[in-house]
Amino acid sequence: AEGRPALRALLGLAKGLLATLLDARARSGDRATLRLRHGGFLDLRIPGGELRPVSCNELRAACRCAECIDERTGEQKLDRQRILADRSLRARAVEAVGNYGAEVRWSDGHRSLLSLRAVEQLTGSSAMHSNSGSGARANAW
C-alpha cells in the first residue's frame, strides 16, 4: 500500500466498514426482543440469544397503564384474576417502541406499552411460564 494512495484509502475504508458492521452485529444482541408466535403466543429473546416463552395472561395482568392502574393512588383497576383465568387471551400484534420497549395489542382489545427489561425480569421465573400467578408479580413493573 506504500506509494499507492488509492489502495491505502480503499483498505482504510474496508477496515472502517468491517468495524462498523461487527460493532452493529455485537450491539444487536445486547437487548431483548419480544415477538409474536403463531396462535397469538409470545416469546422473548434475551441478550445472549436465549428464547423464553411469555405467558400472555401474566403479561396482560401486569400492565401498568392508566386504564389498569389508577395514576393517583396506584391502585389496580383491572380484574387481575379474570385476566389470569381467561384461556382465550392472546396477543394480536407486537410492535417495537424505541430500543427498549414494545406495544402489545391483545385479543381483549387492550394495548399494553411494556418495558422489555420488565418482561425479561418476569420471564426469569418459572411462574411466568404458566398461566397462573400471584398478585405480587404485578409489582415487578
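Read-outs throughout are calculated quantities, based only on the coordinates presented, and are distinct from any laboratory measurement. Just so it is clear, the model here is predicted, and its values are computed rather than measured. For neighbour counting, all protein chains shown are included, and Cβ atoms are generated from backbone atoms with ideal geometry for every residue, glycine included.
How high is the relative contact order of segment 31-120? Use alpha-carbon pairs under 8 Å, at least six apart in sequence, and give a whole percent.
27 percent
Can you order the peptides 111-122, 78-89 by their average number of other Cβ atoms within 10 Å per residue, highest first?
My ranking of the peptides, most packed first, is 111-122, 78-89.
Using the Cα centre of segment 31-120 as the reference point, and only Cβ charges (+1 on K/R, -1 on D/E), how large is the resulting charge dipole? Debye, rounded to the nearest 20.
240 debye
In nanometres, what is the gap between the two model label sites at LEU18 and CYS65, each 7 Å from Cα along Cα-to-Cβ?
If labels sit at LEU18 and CYS65, their model points lie 4.8 nm apart.
Extending each Cα 7 Å along its Cβ direction at LEU51 and ASP79, get the distance between those two points in nm, one decimal.
Spacing of the two 7 Å Cα→Cβ label points: 3.5 nm.
Count charges around ARG90 for me, please; just the other residues with Cβ under 11 Å from its Cβ, Lys/Arg as +1, Asp/Glu as -1.
+3
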